[in-house]
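The block underneath contains the structure these notes are about, expressed in structure tokens.
The values are calculated or read from the model by the stated rules, or taken from the named source; none is laboratory data. Note that the coordinates shown come from a computational prediction; the quantities given were computed from them, not determined experimentally. Note: ideal-geometry Cβ built from the backbone for every residue, glycine included; neighbour counts use all protein chains shown.
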Amino acid sequence: MQDLTKDILELVRRTSTDLPADVEKKLRESYAQEADGSAAQGALDTILQNVELARKNSTPICQDTGTPLFYVHYPEGMSTRKLKKMITDAVVEATKHNYLRPNSVNAITGKNTGNNSGDEHYPTIHFEEVDEDQPLTIDLMLKGGGCENVGIQYKLPNTNLGAGRDLAGVRKVVLDAVHQAQGKGCAPGVLGVAVGGDRGASYLASKETLLRQIGDENANPELDAMEKQITEEANGMGIGPMGFGGKTTVLDTKIKGLHRLPASYFVSVSYMCWAYRRRKMTVQNGEVIYE
Ligand code: SF4
């Protein structure tokens, strides 16, 4: 099996230091929409300067390089055990190169492992098998701690918010999540929302949906309309970049539905900060392509 450790290290470097084009474009559009000289425009200007510097110097976009979340689609027959070792080794190497801050601490003692390794769950790797003739793809998302802390899960109905078990109820709780976050979690952010599933599957799906591109369309027209509506309404709250006020609180919203038990109706909101770091590598016939 091809040793991909160095290629995965490069994936980590790109993810940590080079903000994806769709995110940067949206941040630039948001800057143009804010009032000249406003605190919101100033915050976005600082963010954009930082993005340029990080890319130029190959240094992390933010000091919190986040939790590394890997999503691996591997062709039938490939060893997930070997892939896991390559990914873990690449993360340790990336920490030595300062592409990643040593972020992994023991849950009980708080002791830092110093190299971003940890028990079975650090880094986090999700595997899914695809057909033998399909390429290997590895998506990496670096999910900041501040934005992770403002993620939230609701169980509908929610009488306090007047949110029933329907899309109108989903809208109410997602907007409540944005209101509760205020500028915390480093707005402007992107909302990853999952409706349904059990509690665990719902949170997982809310993160996976953040792998979509900013401005793409949801294949479900009803959810697509809801995504646009929530983004617009969240931006109407006036919270603004870093909570300084303004028109840009949320860059985009992504919603996914999961089958659920009739007894349960969960809505999970994963909030992604402006440092929306996600990159993909594809390996086919020995060739590595980065997106
Ligand atoms: S939430 Fe995001 S932008 Fe804010 S400190 Fe964490 S990684 Fe950085």
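Some points to look at:
- Count of the range 195-234 residues which are more than 15 Å from the chain's Cα centre (by Cα) and among the β-branched types (V, I, T): 3
- With respect to the conditions (1) over 15 Å from Y276 (Cα atoms); (2) more than 16 Å from the ligand (Cβ to nearest atom), Q180 falls short on a single one, namely (2).
- Only a single criterion out of (1) away from the ligand (no atom under 16 Å from the Cβ); (2) closer than 24 Å to P60 by Cα; (3) at pLDDT 95 or above is not satisfied by L83, namely (2).
- Scanning the range 107-136 for residues that are more than 21 Å from C62 (Cβ to Cβ), without any contact (Cβ under 8 Å) to a residue 12 or more places away in the chain and not acidic (D, E) returns A107, I108, T109, G110, K111, H121.
- The number of residues in the range 236-256 that are over 22 Å from K143 (Cα atoms) and either touching a residue at least 12 places away in the same chain (Cβ under 8 Å) or outside the structural domain of N158 (by TED's automatic domain parsing) (or both) comes to 5.
- Test: residue in the range 279-287 that is within 16 Å of the ligand (Cβ to nearest atom), under 21 Å from the mean Cα position of the chain (by Cα) and either loosely packed, with under 14 Cβ neighbours inside 10 Å or basic (K, R) (or both): yes
Let's see how each residue does on (1) β-branched (V, I, T); (2) at pLDDT below 95; (3) surrounded by 14 or more Cβ atoms within 10 Å (Cβ to Cβ):
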| residue | (1), (2), (3) |
| --- | --- |
| P135 | no, no, yes |
| K143 | no, no, yes |
| Y154 | no, no, yes |
| T159 | yes, no, no |
| R165 | no, no, yes |
| A168 | no, no, no |
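- Flag for R55 being under 30 Å from E132 (Cβ atoms) and modelled with pLDDT of 95 or more: no
- Listed by first and then second residue, the pairs with beta-carbon distance under 8 Å, at least 6 apart or on different chains, first residue in the range 35-63 and under 22 Å from L11 (Cα atoms), second among the basic types (K, R) and within 13 Å of the ligand (Cβ to nearest atom), are P60/R101; I61/R277; Q63/R101.
- Filter result for E128 (loosely packed, with under 15 Cβ neighbours inside 10 Å, part of a strand (DSSP E or B) and more than 14 Å from the ligand (Cβ to nearest atom)): yes
- Residues of the range 225-236 include at least one that is among the basic types (K, R), over 30 Å from D3 (Cα atoms), away from the ligand (no atom under 14 Å from the Cβ) and modelled with pLDDT of 95 or more.
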